[in-house]
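Read-outs throughout are calculated quantities, based only on the coordinates presented, and are distinct from any laboratory measurement. Predicted, not measured: the structure shown is a model, and the values here were computed from it. Quick reminder, even Gly has a Cβ in these numbers, built from the backbone with ideal geometry, and neighbours come from all protein chains shown.
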Amino acid sequence: MVQIYDAVADPQAPYIVMEYVEGSTLRPYCRADQLQSLELIVELGFKCAMALGYVYRQGLIHRDVKPANLLAVLNNGSVTDVKISDFGSVLNLASDV
């Protein structure tokens, strides 16, 4: 998951300060000419499932998991890892709302 450093609930302009991940999302890698190896896809899927499981055990549900919200960590131009981002629509199971 992308590291979140701060969340500011400013009434005029609320914002979240989070880790910068150089690269792009996984969305471009969904095209037929940019597909990754099956081994990498399974590895990234497993990592995402483990991270989402951790978030769920903390009482949160992401609610918007899609390639555009998964940041590709690149090493020498190749995808080597993934980080989940965009927790803007997270559901807090502990809230009374």
Out of residues 5 or more away from T25 or on other chains, whose amide H comes under 5 Å of its own, with H placed 1.01 Å from N in the peptide plane?
A72
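Taking N as the number of residues in the chain, what is its Cα Rg relative to 2.2 N^0.38 Å?
Against the compact-globule rule of thumb, the ratio is 1.20.
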Arrange the peptides 31-43, 4-16, 65-77 so that the one whose residues have, on average, the most other Cβ atoms within 10 Å appears first.
65-77, 31-43, 4-16
Under the definition of Cα pairs under 8 Å and six or more residues apart, what whole-number percent is the relative contact order of the stretch 6-89?
30
Taking the Cα centre of the chain as origin, sum charge times position over the Cβ atoms of Lys and Arg (+1) and Asp and Glu (-1), and report the length of that vector in debye to the nearest 20.
260
Label V8 and D33 with points 7 Å out from Cα along Cα→Cβ: what is the distance between them in nm?
4.2
Extension gain, V90 back to Y54 (0.36 nm per residue minus Cα-Cα distance, nm)
11.6 nm
Stretched fully, the stretch from Y15 through V73 gains (0.36 nm per residue minus C-alpha distance, one decimal, in nm) 18.5 nm
Please turn the phi angles of the stretch 21-38 into ³J(HN,Hα) values with the Karplus equation 6.51 cos²θ - 1.76 cosθ + 1.60 (θ = phi - 60°), one per residue in order, whole Hz, x for glycine and proline.
10, 6, x, 9, 7, 7, 4, x, 7, 8, 6, 4, 8, 10, 4, 9, 5, 4
At R0 = 35 Å, FRET efficiency that the Cβ-Cβ distance of R63 and L40 yields, to 0.05
0.85
